[in-house]
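Since the structure comes first, as structure tokens, the remarks are kept for the end.
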Amino acid sequence: MAQTTKKAFATSLKKLLSQKPLDKIKITDITEDCEVNRQTFYYHFKDIYDLLEWVYTNEATRALGDKKTYDTWQEGFYEIFEYILENKTFVLNTYNSVSREYLERYLYNETYYLLLGVVEEKSKDMSVREKDKSFIADFYKFAFVGLVIDWIRKGMMEEPKDIIKRLNTLISGNIETALQRYRNDKHNKLE
């Protein structure tokens, strides 16, 4: 029942965001749309931003699924683009509001775990420190998310498959090369 109620609030927020910006939406708008009282909302969420974060971390995460391997990272990244396109108004209204951080946090989290899965897979037989693997995933995360944010800012005109194809050309083999360098670089201790 709790998940159903949360989903109803999420659906309502997305519907309301198609009509007006986030800063104009009140909890009363959501509860009236869902035909529940304010206390029901506060039982599940502390505020609208908490609901917004729940939408990104739950709905959008399901879109990514298990596409976190070297062979499927492009599909995983494409799923992120697809989620954004399917929820274009919702994403744009989040992006164009003071709540942009929730969209960015979602993108950073999802992209990091997607890339960390690739790095873990590629470093399976290598002796590479966890912090170095995390650093590699972070490096690519910032590049990928920067591209997605720029794509959103420019109106989502370019085809996601074209972006992913160019990304694949750019990074093909680079994660393995980075892992090899960290594995072989015993003198890389600036600690």
Just how much of ASP125 is accessible, in Å², when a 1.4 Å probe is used and the result is rounded to the nearest 10? 140 Å²
Over 23 Å between alpha carbons, listed pairs LYS7/LYS154; LYS88/LYS133; LYS88/LYS122; LYS20/LYS161; LYS6/LYS26; LYS20/LYS141: LYS7/LYS154; LYS88/LYS133; LYS88/LYS122; LYS20/LYS161; LYS20/LYS141
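Only helical DSSP H runs with n ≥ 4 go in: add -39500 (n - 2.57) per run for the chain, normalise by residue count and round the 222 nm mean residue ellipticity to 500 deg cm²/dmol.
Rounded to the nearest 500, the figure is -22000 deg cm²/dmol.
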Computed from the coordinates I sent, Cα extents along the principal axes in Å equals one of [x] 61, 35, 29; [y] 86, 28, 21; [z] 48, 38, 28. Tell me the label. [x]
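Quantify how much of the Cα-Cα distance distribution of segment 83-169 extends past 15 Å, in percent. Mind dumping the intermediate values first?
Working: 2366 of 3741 pairs.
Roughly 63 percent, rounded to a whole number.
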For GLU130, what accessible area in Å² do you get when you roll a 1.4 Å probe over the heavy atoms of the protein chains, rounding to the nearest 10? 110 Å²
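Taking the solvent-accessible surface of protein heavy atoms with a 1.4 Å probe, what is the per residue accessible area of segment 107-191 in Å²?
I get 61 Å² per residue for segment 107-191.
Would you please put 95-101, 5-11 in order of how densely packed they are, using the mean number of other Cβ atoms within 10 angstrom per residue and starting with the highest? All intermediate terms of the calculation are to be shown ahead of the outcome.
Numbers: 95-101: 15.1, 5-11: 17.4.
Final packing ranking: 5-11, 95-101.
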Using a 1.4 angstrom probe on heavy atoms only, work out the carbon and sulfur share of the accessible area of segment 7-62 in %. 47 percent
Can you work out the Karplus-derived ³J(HN,Hα) for every residue in segment 52-59? Use 6.51 cos²θ - 1.76 cosθ + 1.60 with θ = phi - 60°, whole Hz, and x for glycine or proline. 4, 5, 4, 4, 5, 6, 9, 5
In order through segment 11-17: 3J(HN,Hα) via Karplus (6.51 cos²θ - 1.76 cosθ + 1.60), integer Hz, x for Gly, Pro: 4, 5, 4, 5, 5, 5, 5
In nanometres, what is the gap between the two model label sites at LYS24 and ARG153, each 7 Å from Cα along Cα-to-Cβ? 2.5 nm
To the nearest 10 Å², what's THR4's accessible area with a 1.4 Å probe? 90 Å²
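The values are calculated or read from the model by the stated rules, or taken from the named source; none is laboratory data. What you see is a predicted model; the values in this text were computed from it and never measured. Cβ sites come from the backbone with ideal geometry, for glycine too, and all protein chains shown count toward neighbours. Quick note on the areas: whole protein, heavy atoms, side chains included, nothing else; ligands and nucleic acids left out. Shrake-Rupley method; radii C 1.70, N 1.55, O 1.52, S 1.80 Å.
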